[in-house]
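Novice: One structure coming up, written as structure tokens, with questions to follow.
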Amino acid sequence: MARTLGLGGDRRRNSLPWLLLAPTVLFVGAMTILPLGYSVVTSFQEFPLGQAPAFVGLQNYRNLINDANFLSSLETTLVFTIAATGLEFVLGLGLALLLKQEFPFQGIIRSSLIIPMAIAPVVVGIIWRLLYNADVGLFSFAAQALTGRSVSVLSSATMALPALILVDVWEWTPFMFLLLLAGIQSLPQEPFEAARVDGASAWNIFLHLTMPMLRPVIVVALLIRALDAFTVFDQVFVLTQGGPGTATEVATLMVYKTAFRFSQFGYAASMAVALLVLVMFFSAAITRAFRASV
Amino acid sequence: MIRRQFLRNSLGTVAAAAGIHTLSSCGGSKSSGGRGQITFGSYADPALDTLKDVLLPEFEKATGIRTEWVEADFSGWLQKALNDGQTKAGAFDIYVMDDLWVPRFAGAGYLANLDELGFQIDQDFVPSALDLGYWPPKNGLRQPGIDARAKSTLYSLPLISDVQLLFYRHDIYSSGSPTTWDDVLRMARQKCDPSHRQYGWVSRGVKGNPIMNSFFVMLHDFGGGIFGENWKVVFNSPQAVEALEFYLSLLAYAPPGVAEFDSDQEGETLLQGNAFAATMWTGWCRQTDDPARSRVVNKISFDVPPKKVKQVAKLGLFMAGIASSAPNRAGALEFLKWFSSSATQLRFARAGGTPFKMSALKDDEARKGSRWLDATLKALTIGVPSPRTSDWSKVEDILGTELNRALLEKGKAKQHLDAAAAEATAFLKNAGYPVG
């Protein structure tokens with residue numbers, strides 16, 4: 001009798017965590033896995049006008065790998081992601097190292113540095129659209145003063161993408177700075193003191209102590225920013241609409257246009273799934289590269 | 001254009017974008033009081049103000065049906081409307097649409113059949129405006145998959161007459177409206193003075209739909225077109241190449257950065273007195289005489305676009321259709337009947353709206369308050385719509401991208417039109433069009 005009761009008690013104890021977890025699991029499943037599964041199913045369909053959706057097998061994916069515009073948008077996205085994340089990391093790290101010490105007005109300076117991050121991306125896009133405006137923009141004004149000619153930054157096939165990268169760097173370097181600053185301030189001080197006693201130079205301390213010890217934070221910061229940059233949309237939509245030509249047509253904009261302007265929902269879903277796979281590959285590669293270098 | 005005005009417009013865009021987020025929480029809730037409620041879903045546009053501010057309160061008073069107006073920016077609303085149509089969520093009773101959405105919405109079954117609901121048309125409708133509401137189209141090519149013998153059915157009605165007019169400065173064109181495109185180019189050459197920010201022409205240059213809206217009229221005026229027999233792409237014909245070369249030569253007298261101009265910058269350039277002429281939508285007319293918006297009050301006149309070998313105006317009407325999942329279909333139908341009656345159209349025109357009934361467009365009192373109604377009626381009669389296919393947006397994007405490239409390179413018209421034609425043909429062939 002006692003043994004039976006004990007077993008019942010064990011069962012209750014064993015099932016309690018599952019019961020407590022169930023609402024969360026169901027919620028996460030409903031909010032993420034279901035839509036994702038629906039997207040995958042949609043990617044194997046087409047939606048002919050006025051007819052029920054039809055399964056087309058791998059046709060959308062076959063079209064995708066032969067779609068020069070999609071491949072070009074992926075290339076643009078990669079260039080944007082690597083350039084923006086790289087610059088944000090270098091600048092964010094530099095700022096974190098510079099501002100880690102105590103100094104007067106540090107609270108005000110640190111707070112003002114994070115203002116760009118607090119502005120909605122659409123508003124950021126509009127602010128920079130004004131700055132880049134060929135007629136009244138600051139850049140054009142400076143170019144006029146220096147060279148006597150105005151400059152149309154967003155109409156230039158060579159300048160438009162760097163201009164978008166600059167906007168992203170302006171907005172998101174503070175994020176990188178905050179993460180890295182928190183990481184630097186949490187490092188134990190003993191190894192640094194020992195290195196200084198042993199006469200190590202500042203450069204050597206940075207290279208052989210700060211960087212290796214900061215590596216987990218760097219991985220997280222790079223991953224978050226790279227994933228975010230890979231899915232950039234708002235700024236591109238507001239500033240260039242993918243133009244001039246296809247110079248700034250990033251993959252997310254192409255997915256949006258394909259779904260909501262061209263009503264090719266199945267094809268857009270296949271693009272979205274391909275992007276998801278690429279993002280997963282991308283993040284795994286970054287994580288693995290950093291693990292390998294430890 | 002001055003910074004303040006640019007910023008004001010930009011903030012307007014932000015407000016509209018922010019409106020998208022509120023959309024999902026709106027609509028759908030129906031009051032049980034009176035005769036119920038109808039919910040309109042729409043894009044934000046000043047041309048709708050008279051309808052919202054004057055006519056809807058009248059409708060509520062006359063019928064006891066309450067109205068709710070939910071709006072977002074153009075792209076945001078299209079996205080919401082497509083979602084609502086596809087999922088049959090029933091969040092809206094009436095979709096406000098750009099006329100080029102009609103093939104997509106009617107073809108996909110998102111709109112209720114107005115013929116079946118018993119809507120009766122009359123002879124007072126401007127024919128070109130009414131025709132836009134039919135699917136399959138009453139005239140011209142039919143999209144693959146649509147039975148060639150299928151009867152054209154009324155799925156939506158005009159809501160606001162919007163058509164491209166020539167806006168020109170009559171203090172500069174002192175001898176009257178330019179009748180040919182050569183007149184426009186001549187004046188641009190004579191009077192363009194960039195050092196004083198005076199430009200002979202302004203246009204939209206952003207890739208895709210914006211630049212296509214600006215080039216469309218010129219393409220047709222020069223004898224070109226989009227599709228020939230059996231959907232053959234013809235926008236790289238010699239006439240089309242000539243039209244693009246002319247367009248580029250005219251843009252030499254446009255403000256710097258015109259390749260990144262969309263509707264707001266085009267309009268502001270004209271309203272701030274920095275350009276002599278442009279082809280713009282009727283929706284901008286009232287703002288030219290508003291001292292709070294315009295520095296050229298009573299200096300701008302309106303006419304049909306100039307001609308070359310032909311003379312056309314681009315139709316871009318606001319349409320209204322009843323959602324097939326509308327919770328209050330009867331109320332929505334009652335609104336369409338009420339609003340499209342000649343009596344209401346007359347009140348709408350006299351209150352400052354742009355009607356779609358002949359009698360209202362010809363009304364003297366209405367014309368006194370809206371001096372563009374005469375040009376609007378003329379433009380409607382020579383109006384050409386976007387091709388009636390649900391795939392037009394894709395073709396427009398392809399052509400509009402190459403036009404934007406030609407604008408940046410200031411030339412290579414034939415090369416860019418050929419590239420667009422090749423890409424569009426491949427797309428159409430893949431989509432099942434008999435392009436050969």
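Novice: Kindly evaluate B:Tyr95 against the criterion of being away from chain A (no Cβ under 14 Å), crowded, with 22+ Cβ neighbours inside 10 Å and touching a residue at least 12 places away in the same chain (Cβ under 8 Å). Give the derivation first.
Specialist: Numbers: away from chain A (no Cβ under 14 Å): yes; crowded, with 22+ Cβ neighbours inside 10 Å: yes; touching a residue at least 12 places away in the same chain (Cβ under 8 Å): yes.
Yes.
Novice: Is there a residue in segment A:216-230 that is under 19 Å from the mean Cα position of the chain (by Cα) and within 14 Å of chain B (Cβ to nearest Cβ)?
Specialist: There is no residue in segment A:216-230 that is under 19 Å from the mean Cα position of the chain (by Cα) and within 14 Å of chain B (Cβ to nearest Cβ).
Novice: Additional query: Against the definition (farther than 30 Å from B:Ala406 by Cβ and open to solvent by 20 Å² or more (accessible area, probe 1.4 Å)), how does A:Arg288 come out, yes or no?
Specialist: Yes: the conditions hold for A:Arg288.
Novice: Taking segment B:272-305 as the search range and keeping residues that are open to solvent by less than 40 Å² (accessible area, probe 1.4 Å), more than 14 Å from chain A (Cβ to nearest Cβ) and closer than 15 Å to B:Arg197 by Cα, which one is farthest from the chain's Cα centre (by Cα)?
Specialist: Only one residue tops the list, namely B:Val296.
Novice: Another question, then. Considering only residues that are farther than 13 Å from B:Phe167 by Cβ, facing chain A (nearest Cβ under 10 Å) and not aromatic (Phe, Trp, Tyr), which ones fall in segment B:245-271?
Specialist: B:Pro255, B:Pro256, B:Gly257, B:Val258, B:Ala259, B:Glu260, B:Asp262, B:Gln265
Novice: From B:Gly85, B:Gly76, grab the single residue that is over 19 Å from the mean Cα position of the chain (by Cα), open to solvent by less than 10 Å² (accessible area, probe 1.4 Å) and within 14 Å of chain A (Cβ to nearest Cβ).
Specialist: Values: B:Gly76 fails: over 19 Å from the mean Cα position of the chain (by Cα).
The conditions single out B:Gly85.
Novice: While we're looking at this one, here's another question. Being part of a helix (DSSP H, G or I) and in contact with a Pro (Cβ under 7 Å, 6 or more places away or on another chain): is that true of A:Trp170 here?
Specialist: Answer is yes for this residue.
Novice: Keeping to segment B:401-419, report how many residues are surrounded by fewer than 23 Cβ atoms within 10 Å (Cβ to Cβ) and closer than 30 Å to A:Leu49 by Cα.
Specialist: Qualifying residue count for the region: 2.
Novice: Taking A:Thr81, is it open to solvent by less than 30 Å² (accessible area, probe 1.4 Å) and either over 24 Å from B:Ala422 (Cβ atoms) or modelled with pLDDT under 90 (or both)?
Specialist: The answer is yes for A:Thr81.
Residues are listed down the side, and each one gets a yes or a no for (1) among the polar types (S, T, N, Q); (2) away from chain B (no Cβ under 14 Å); (3) within 25 Å of the chain's Cα centre (by Cα):
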position	(1), (2), (3)
A:Arg149	no, no, no
A:Ala157	no, no, yes
A:Leu164	no, no, yes
A:Val169	no, yes, yes
A:Thr173	yes, yes, yes
A:Leu180	no, yes, yes
A:Ile184	no, yes, yes
A:Pro191	no, yes, no
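Novice: List the residue pairs whose Cβ atoms are under 6 Å apart, where the first residue sits in segment B:43-58 and is within 12 Å of B:Trp69 (Cα to Cα), the second is open to solvent by 50 Å² or more (accessible area, probe 1.4 Å), and the two are 6 or more positions apart or on different chains.
Specialist: Within 6 Å, the pairs are B:Tyr43/B:Phe74; B:Ala44/B:Glu71; B:Lys52/B:Trp69.
Novice: Please go through segment B:329-344 and give me each residue that is open to solvent by less than 30 Å² (accessible area, probe 1.4 Å) and within 30 Å of B:Ala108 (Cα to Cα), ordered by number.
Specialist: Listed by number, the residues that qualify are B:Gly331, B:Ala332, B:Leu333, B:Phe335, B:Leu336, B:Phe339, B:Ser340.
Novice: Mind listing just one residue for me: the one in segment A:147-167 that is in a helix (DSSP H, G or I) and of a type outside the set (A, V, I, L, M, F, W, C) and, of those, modelled with the highest pLDDT?
Specialist: Top of the filtered list is A:Pro162.
Novice: So for segment B:117-139 (the condition being within 14 Å of chain A (Cβ to nearest Cβ), of a type in the set (D, E, K, R) and within 22 Å of the chain's Cα centre (by Cα)), does at least one residue qualify?
Specialist: Here is the first cut: in segment B:117-139, the ones within 14 Å of chain A (Cβ to nearest Cβ) are B:135-137.
From what's left, of a type in the set (D, E, K, R): none.
No, there is no match, as no residue in segment B:117-139 is within 14 Å of chain A (Cβ to nearest Cβ), of a type in the set (D, E, K, R) and within 22 Å of the chain's Cα centre (by Cα).
Novice: Identify all residues within segment B:39-68 that are closer than 21 Å to B:Gln287 by Cβ and outside any loop (DSSP other than H, G, I, E, B); write none if there are none.
Specialist: Residues satisfying the conditions are B:Ser42, B:Tyr43, B:Pro46, B:Ala47, B:Leu48, B:Asp49, B:Thr50, B:Leu51, B:Lys52, B:Asp53, B:Val54, B:Leu55.
Novice: I've got another one for you. Condition (residue is modelled with pLDDT of 85 or more, among the hydroxyl-bearing types (Ser, Thr, Tyr) and open to solvent by 70 Å² or more (accessible area, probe 1.4 Å)) applied to segment A:52-72: is it met by at least one residue?
Specialist: no
Novice: Looking only at helices (runs of 4 or more DSSP H) that fall completely inside segment A:40-138, which ones have 3 or more residues that are among the β-branched types (Val, Ile, Thr) and within 10 Å of chain B (Cβ to nearest Cβ)?
Specialist: In segment A:40-138, A:121-132 are the helices (runs of 4 or more DSSP H) which contain 3 or more residues that are among the β-branched types (Val, Ile, Thr) and within 10 Å of chain B (Cβ to nearest Cβ).
Novice: Further question on the same structure: If you check B:Lys368 against the conditions, is it touching a His at 6+ places or on another chain (Cβ under 7 Å) and either farther than 17 Å from B:Asp99 by Cβ or open to solvent by 10 Å² or more (accessible area, probe 1.4 Å) (or both)?
Specialist: No: the conditions fail for B:Lys368.
Novice: Here's another thing I want to ask about it. Say whether the condition of being of a type outside the set (D, E, K, R), open to solvent by 50 Å² or more (accessible area, probe 1.4 Å) and touching a residue at least 40 places away in the same chain (Cβ under 8 Å) is met by at least one residue in segment A:181-191. Walk me through how you get there before you give the answer.
Specialist: Step one: list which residues in segment A:181-191 are of a type outside the set (D, E, K, R), which gives A:181-189, A:191.
Then keep just the ones that are open to solvent by 50 Å² or more (accessible area, probe 1.4 Å); that gives A:182, A:185-186, A:188-189.
Next, only the ones that are touching a residue at least 40 places away in the same chain (Cβ under 8 Å) stay: A:185.
Yes, the conditions are met somewhere in segment A:181-191.
Novice: Looking only at segment B:98-109, count every residue that is out of contact with any helix residue (DSSP H, G or I) (no Cβ under 9 Å at 6 or more places or on another chain) and facing chain A (nearest Cβ under 10 Å) and tell me the total.
Specialist: Within segment B:98-109, residues that are out of contact with any helix residue (DSSP H, G or I) (no Cβ under 9 Å at 6 or more places or on another chain) and facing chain A (nearest Cβ under 10 Å) number 2.
Novice: Using beta carbons and a limit of 7 Å, which pairs, at least six apart or on different chains, have the first residue in segment A:251-274 and more than 10 Å from chain B (Cβ to nearest Cβ) and the second one outside any helix (DSSP H, G or I) and open to solvent by less than 30 Å² (accessible area, probe 1.4 Å)?
Specialist: Going by the 7 Å Cβ cut-off, the qualifying pairs are A:Thr252/A:Val232; A:Leu253/A:Gly242; A:Gly266/A:Ser43; A:Gly266/A:Gln45; A:Ala269/A:Ser43; A:Ser270/A:Ser43; A:Val273/A:Ser43.
Novice: Show the residue pairs that are 6+ apart or on different chains and have beta-carbon atoms under 8 Å apart, the first residue being within segment A:221-250 and assigned to a helix (DSSP H, G or I) and at pLDDT below 90, the second being acidic (Asp, Glu) and open to solvent by 10 Å² or more (accessible area, probe 1.4 Å).
Specialist: Matching pairs, first to second residue: none at all.
The values are calculated or read from the model by the stated rules, or taken from the named source; none is laboratory data. Quantities reported herein were computed from a predicted structural model and do not represent experimental measurements. For neighbour counting, all protein chains shown are included, and Cβ atoms are generated from backbone atoms with ideal geometry for every residue, glycine included. Side chains are part of the model used for accessible areas, which takes the heavy atoms of the whole protein and leaves out ligands, DNA and RNA. Shrake-Rupley method; radii C 1.70, N 1.55, O 1.52, S 1.80 Å.
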